[in-house]
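Comments concern the structure below.
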C-alpha cells in the first residue's frame, strides 16, 4: 500500500500478488482501477479508468466502481424523475444513482489488503435521505480478485429503506485485436425487465443464459430471478474470464438484480452491475429492503479472474 500523486490528487495504490488496485476512498469510496500483471509481462486492465478523467466532476466519471446508495439508477415519484416518496408520504429529491458516489467518506481502516470507508452525509444527502444511520463500504483485495461489502446500520427509530448496488466498469474488449462479439456473458436469470419512461418495470427482452456482448438487447436490461449467484463472462475459448458472485447465498433473493449496460458500441468498457433490486425500488417495492431500528444489514459481492 502506498500513496501516489495523480493529476493533482493523492490516491492510494495496493499491490497484492499480480493485482494492482488504485482508489480514492475519500471521494465516493471509489475504486478507480484494477489491473493484472500477466505471465507474458503484459498488463490487463480489469476495471477501466479513463486517462482524461475530470476530477472536478469525479462522481460522473465513467470508470472504476461508483457506489450506488441508497437506491440504484433512476427513481421516480408518480412519473417525475429524481424524486421518491418515503413511508411518511413526503416527496424528497434523489439524484441519479443516489447520494454516495458524489459524497465524502472517512477512511476508518486501511491496510495492505484494503480499506473501510464511512459515508459522511452532506446537506444534499440529508435532504434526500433524512435518517440516522451509518453506511460503510469495505474493500478487500486479493491476488486475482476483490470483495466489497456494504453495511447499513439503522441508528433511528423507524425502518430504513434501501436498495443499493455497484456500477463496475469492466474493460472490454481486453485482448488486442478482439471486439465485443468475441466475448460472452453467462447470467443464470429466469426473468428480464426494463424500466419505462415513468420508472415502472416492464417485460424485458427474451435472452439466453449465454449471450454475446455484441447483442444490443443486453443494454440497460435488468436480469432477475437468478438461479445462482454466479455470473461469468469473458473471451470465448480463452482463459482469463471474470467470475462475479452477487451476494453470499448460492441462490440470491428473487429480486436481486444484475444489470448490463454500456454507453455505446464504441465505449472501451461494459458495465456488469450487481444490485439488491431493480431501479426505482422505493416506488414499485421490487427489491426494496428495510433495516430495522438498531440492526445492521449487509450486501456483499466478490469478483475474481480465472
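The values are calculated or read from the model by the stated rules, or taken from the named source; none is laboratory data. Model, not experiment: these values are computed from the prediction. Cβ coordinates were reconstructed from backbone atoms using ideal geometry, including for glycine residues, and neighbour counts include every protein chain displayed.
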Total residues in the range 195-212, condition within 21 Å of residue 228 (Cα to Cα) and either at pLDDT below 95 or surrounded by 16 or more Cβ atoms within 10 Å (Cβ to Cβ) (or both):
3
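Yes or no, residue by residue, for (1) crowded, with 22+ Cβ neighbours inside 10 Å; (2) assigned to a strand (DSSP E or B):
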position: 252; (1), (2): yes, no
position: 267; (1), (2): no, no
position: 271; (1), (2): yes, yes
position: 279; (1), (2): yes, no
position: 297; (1), (2): no, yes
position: 303; (1), (2): yes, yes
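Quick check on the range 221-232. Is at least one of its residues modelled with pLDDT of 95 or more, more than 16 Å from residue 165 (Cβ to Cβ), over 19 Å from the mean Cα position of the chain (by Cα) and not in a strand (DSSP E or B)? Let's see the steps before the verdict.
At the first step, the residues of the range 221-232 found to be modelled with pLDDT of 95 or more are 221-232.
Going one step further and asking which of them are more than 16 Å from residue 165 (Cβ to Cβ), we end up with 225, 227-228, 230, 232.
The next check asks that each one be over 19 Å from the mean Cα position of the chain (by Cα); those that pass are 227.
From the residues that got through so far, the ones that are not in a strand (DSSP E or B) too are 227.
So far as the range 221-232 goes, yes, one or more of its residues are modelled with pLDDT of 95 or more, more than 16 Å from residue 165 (Cβ to Cβ), over 19 Å from the mean Cα position of the chain (by Cα) and not in a strand (DSSP E or B).
Yes or no, residue by residue, for (1) closer than 26 Å to residue 38 by Cβ; (2) out of contact with any strand residue (DSSP E or B) (no Cβ under 9 Å at 6 or more places or on another chain):
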position	(1), (2)
173	yes, no
179	yes, yes
182	yes, no
202	no, no
263	no, no
266	yes, yes
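In the range 157-180, how many are over 19 Å from the mean Cα position of the chain (by Cα), under 17 Å from residue 46 (Cβ atoms) and touching a residue at least 12 places away in the same chain (Cβ under 8 Å)? Spell out how you get there, then give the answer.
If we filter the range 157-180 for residues that are over 19 Å from the mean Cα position of the chain (by Cα), which is where we start, we get 157-160, 173-180.
Applying the additional criterion that residues be under 17 Å from residue 46 (Cβ atoms) yields 173-176, 178, 180.
Imposing the further condition that a residue be touching a residue at least 12 places away in the same chain (Cβ under 8 Å) reduces the set to 173-175, 178, 180.
Residues in the range 157-180 being over 19 Å from the mean Cα position of the chain (by Cα), under 17 Å from residue 46 (Cβ atoms) and touching a residue at least 12 places away in the same chain (Cβ under 8 Å): 5 in total.
In the range 85-123, which residue that is out of contact with any strand residue (DSSP E or B) (no Cβ under 8 Å at 6 or more places or on another chain), outside any strand (DSSP E or B) and touching a residue at least 24 places away in the same chain (Cβ under 8 Å) is surrounded by the most Cβ atoms within 10 Å (Cβ to Cβ)?
Applying the first criterion (out of contact with any strand residue (DSSP E or B) (no Cβ under 8 Å at 6 or more places or on another chain)) to the range 85-123 yields 88-90, 95-96, 102, 111, 121, 123.
If we keep only those that are outside any strand (DSSP E or B) too, we end up with 88-90, 95-96, 102, 121, 123.
Then drop every residue that is not touching a residue at least 24 places away in the same chain (Cβ under 8 Å), which leaves 95, 102.
Details: 95: 16, 102: 20.
Per the criteria, the residue is 102.
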Looking at 39, 53 in this structure, which one is surrounded by 16 or more Cβ atoms within 10 Å (Cβ to Cβ), more than 26 Å from residue 163 (Cα to Cα) and at pLDDT below 95?
53
Subset of the range 142-156 [closer than 17 Å to residue 240 by Cα and over 20 Å from the mean Cα position of the chain (by Cα)]
143
Checking the structure you have, find out if any residue of the range 284-295 is modelled with pLDDT of 95 or more, part of a loop (DSSP other than H, G, I, E, B), in contact with a strand residue (DSSP E or B) (Cβ under 6 Å, 6 or more places away or on another chain) and over 30 Å from residue 128 (Cβ atoms).
no
Going through the range 6-48 one residue at a time, which ones are in contact with a helix residue (DSSP H, G or I) (Cβ under 8 Å, 6 or more places away or on another chain) and either under 16 Å from residue 147 (Cα atoms) or outside any strand (DSSP E or B) (or both)?
7, 8, 28, 30
